[in-house]
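The values are calculated or read from the model by the stated rules, or taken from the named source; none is laboratory data. If you're wondering where the values come from, they're calculated on a predicted model, not measured in any experiment. Please note: Cβ atoms are built from the backbone with ideal geometry, for glycine as well, and neighbour counts cover all protein chains shown.
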2 protein chains.
Amino acid sequence: MSLVIVGSVAYDALQTPHGKVDRILGGACTYSALSASYFTPVSIVGVVGEDFAESDVDMLTSHGIDVEGLERVPGKTFFWSGVYSDDMNDRTTLVTELNVFASFDPKLPASYRTKPYLFLGNIQPTLQKAVKEQMNGVKLVGGDTMNYWIVDHRDALLETIKEWDFLLINDSEARQLSGKANLKHAAATILDFGPRTVIIKRGEYGALLFWRTNGGIRWVAAPGYLLDEVFDPTGAGDCFAGGFMGYLASRGIDLATAEAEPKELLRAVIYGSVMGSFCCETFGPERFRTLTRAQVDARFQEFQAATAF
Amino acid sequence: MSLVIVGSVAYDALQTPHGKVDRILGGACTYSALSASYFTPVSIVGVVGEDFAESDVDMLTSHGIDVEGLERVPGKTFFWSGVYSDDMNDRTTLVTELNVFASFDPKLPASYRTKPYLFLGNIQPTLQKAVKEQMNGVKLVGGDTMNYWIVDHRDALLETIKEWDFLLINDSEARQLSGKANLKHAAATILDFGPRTVIIKRGEYGALLFWRTNGGIRWVAAPGYLLDEVFDPTGAGDCFAGGFMGYLASRGIDLATAEAEPKELLRAVIYGSVMGSFCCETFGPERFRTLTRAQVDARFQEFQAATAF
């Protein structure tokens, strides 16, 4: 079933121990959409400037991504530049030029408004809320956030996520949002804020998913995929989101009834990990130029063999 | 099938954010043996001093542990004291008094020498090797080590582990021993040293197990169990070893043929995680006073539900 993804579309300059690239397609919306496109039809909402290359539009449309909601306005595209530490566990931002993204005010094309699945990438919580309000009868909505919104826009964030089916967050953000160090307690507190499900990403260590049932909080866990080499981790978390949400949409899953289907939730988490792992294999989103669904499913099966007992 | 465990038996003084205890039964052999006793008959080899309490011998024998190889000699029992950081991810050693453990020269009782399973706790590699040489026709042998032996006794360690069916090691030690940062590469290098299997423990993030097949290196992964509260992590790694080895022994598994049974290897890893998690619930080995096999199996099943897809 169709999935709408809202978020940043950008150009990045990246430097990892394996090399550097001065200008490559980036942004959370871009990564999530490319990843989700392996599972389900995707429509994106974003904004770019006059410098946005036609070849990058082609990269998206060649994956069947609907770009009607990709607005092009006067000015330059969001630009980010960062450098990774030797072990790639830390990165330092060198440049953030918001450019046209600074006044991003997402408006959904009429054709998007009745689509059943919505993923809200990491943008200002009030904008995330406004996007959801433009949708009619959305079946499943979830999103991402970051430390800046947690600390400086906490009330708006809580007002926004309380209506979500899932919140996707990393472990340090989960601790920050909940004020709890233990991840099980952090998840319980976040579920009390309203989202039906919380997925806590733990980088190379995989992810946890929590939800509430009549019998208490339940959880599933997936280890991270073991890559031979992490070339560039940029976008891995966004690709996780795309794989997770894309799989749910492809199966028509409604989290309101997910209690009966923990295996499906875990499969969605595993597909998230699989897509995040492919993303790390080359600079930026380059891996998606050649990646096939058969390769995705082969890695999913490798995961299954490595975790089934 | 019977399992022989060799290693330290000690008294510990512990301080965690939840409280402190001045003198409690400890030592790697103690924790591993208590943990393994839930799965298979266990015989221990260790040394204690005149101060070793009869009630602590009773703690072991009440779990059916054969203490014929627990030597009592003049002097005091090994004593260790440590304090944990607020998040319990770090601990500082305050006191290490080797006492009678300084001259530990493990001698196996005649009745131990034909037993089929042997676990060599973290002691000097040459002693580990000498113990194995006292065994006749051992079916499966594995062991633990630590940074001190890796750095200062590297040649002896390599000479010892090359004959093992498995090496159990944590992630930082695996990187130190192999000189490789990537855990998949680290595992490949360690397998080249000779052990048939390597298990890399990742603390709260679970564990990975690697082995070589004709088709290349295979791996299985298990996430860590999510505890409501970590009260005292002392001994968790040793309890992991006991659960892992105890399960293998209970099933009569021979790692020489394990290629056909990755699910059994993963079950052993999961039982290791389960036993490590129980260990963290109270000070020292106190949890084993009340723990039942039914509770162990219930937690194993919770793990299965949380990871099966």
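For the range B:258-309, filtering for residues that are under 20 Å from B:Ala33 (Cβ atoms), in contact with a Lys or Arg (Cβ under 7 Å, 6 or more places away or on another chain) and of a type in the set (Asp, Glu) leaves 1. Select from the range A:148-172 the residues that are touching a helix residue (DSSP H, G or I) at 6+ places or on another chain (Cβ under 6 Å) and outside any loop (DSSP other than H, G, I, E, B) and list them in ascending order. Those that are touching a helix residue (DSSP H, G or I) at 6+ places or on another chain (Cβ under 6 Å) and outside any loop (DSSP other than H, G, I, E, B): A:Trp149, A:Ile150, A:Ala156, A:Leu157, A:Thr160, A:Leu167, A:Leu168. In the range A:224-261, of all residues being part of a loop (DSSP other than H, G, I, E, B), charged (D, E, K, R) and surrounded by fewer than 24 Cβ atoms within 10 Å (Cβ to Cβ), the one that is farthest from the other protein chains (Cβ to nearest Cβ) corresponds to A:Asp254.
Which members of the range A:72-102 meet the condition of being free of Cβ contacts under 8 Å to residues at least 12 places away in the same chain and of a type in the set (Ser, Thr, Tyr)? The answer is A:Ser85, A:Thr92.
Looking across the range A:43-66, the residues that are outside any loop (DSSP other than H, G, I, E, B) and either more than 19 Å from A:Ile123 (Cα to Cα) or hydroxyl-bearing (Ser, Thr, Tyr) (or both) come down to A:Ser43, A:Glu54, A:Ser55, A:Asp56, A:Val57, A:Asp58, A:Met59, A:Leu60, A:Thr61, A:Asp66.
Among the residues making up the range B:80-135, a single one is at pLDDT below 95, away from chain A (no Cβ under 14 Å) and more than 22 Å from B:Tyr148 (Cα to Cα): B:Lys107.
The numbered conditions (1) within 13 Å of chain B (Cβ to nearest Cβ); (2) under 20 Å from the mean Cα position of the chain (by Cα); (3) modelled with pLDDT under 90 are all true for A:Glu264 except (3). Within the range B:176-190, restricting attention to residues that are within 14 Å of another protein chain (Cβ to nearest Cβ) and either touching a Gly at 6+ places or on another chain (Cβ under 8 Å) or aliphatic (A, V, I, L, M) (or both), the residue that is surrounded by the fewest Cβ atoms within 10 Å (Cβ to Cβ) is B:Ala181. For the range B:62-76, taking the residues that are closer than 10 Å to B:Val42 by Cα and of a type in the set (Val, Ile, Thr), the one that is surrounded by the fewest Cβ atoms within 10 Å (Cβ to Cβ) is identified as B:Val67.
When the residues of the range B:211-223 are filtered to those that are surrounded by fewer than 19 Cβ atoms within 10 Å (Cβ to Cβ) and in a loop (DSSP other than H, G, I, E, B), the one that is nearest to the other protein chains (Cβ to nearest Cβ) is B:Gly215. Of everything in the range A:278-309 that is within 18 Å of the chain's Cα centre (by Cα) and part of a helix (DSSP H, G or I), the residue that is farthest from the other protein chains (Cβ to nearest Cβ) is A:Phe288.
If only residues of the range B:173-184 that are among the basic types (Lys, Arg) and touching a helix residue (DSSP H, G or I) at 6+ places or on another chain (Cβ under 8 Å) are counted, the one that is nearest to B:Ala28 (Cα to Cα) is B:Arg175. Restricting to the range B:77-94, count the residues that are surrounded by 17 or more Cβ atoms within 10 Å (Cβ to Cβ) and assigned to a loop (DSSP other than H, G, I, E, B). Matching residues across the range B:77-94 total 2. For the range A:96-124, the set of residues classified as in a helix (DSSP H, G or I) and touching a Lys or Arg at 6+ places or on another chain (Cβ under 9 Å) consists of A:Asn99, A:Val100, listed by residue number. Condition test on B:Ala13, is it more than 20 Å from B:Phe278 (Cα to Cα), more than 17 Å from the chain's Cα centre (by Cα) and either surrounded by fewer than 18 Cβ atoms within 10 Å (Cβ to Cβ) or not aromatic (Phe, Trp, Tyr) (or both)? Taking the combined requirement at face value, the residue does not satisfy it. Of the residues making up the range B:283-309, those that are of a type in the set (Ser, Thr, Tyr) and either at pLDDT 95 or above or in contact with a Gly (Cβ under 7 Å, 6 or more places away or on another chain) (or both) are B:Thr290, B:Thr292. Restricting attention to the range A:192-206 and to residues that are away from chain B (no Cβ under 14 Å) and assigned to a loop (DSSP other than H, G, I, E, B), the residue that is farthest from A:Asp165 (Cα to Cα) turns out to be A:Phe193.
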